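Working notes, beginning with the structure itself.
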Amino acid sequence: MRDAVIVSTARTAIGKAYRSAFNDTQAQTLGGHAVEHVVTRAGVDKAEIDDVIMGAAGLFEVA
């Protein structure tokens, strides 16, 4: 059995709030930036990542 570990976390700004700076930004774009920064901060090789779990609370798990 493989172990799952949390190596880094990140969250996006509230993107869809009225008059927000990111209100016209797609969720996929915001999520992509967060994942990119999580991987960079964690210092892991992208090839080692099997799964990324994203939740509405801003939790990212990289296993």
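No value in this document is a laboratory result; all are computed from the given coordinates. Computed from a predicted structure; not experimentally measured.
Amide H contacts of A10 (H built 1.01 Å from N, in plane; Pro and chain starts excluded): F60 sit under 5 Å, all sequence-distant by 5 or more or on other chains.
Extension gain for the segment Y18 to I53, taken as residue separation times 0.36 nm less the Cα-Cα distance, is 9.9 nm to one decimal.
A simple rule links phi to the HN-Hα coupling: the Karplus curve 6.51 cos²θ - 1.76 cosθ + 1.60 with θ = phi - 60°, which for the stretch 32-38 gives x, 5, 4, 4, 4, 6, 4 Hz, with x for Gly and Pro.
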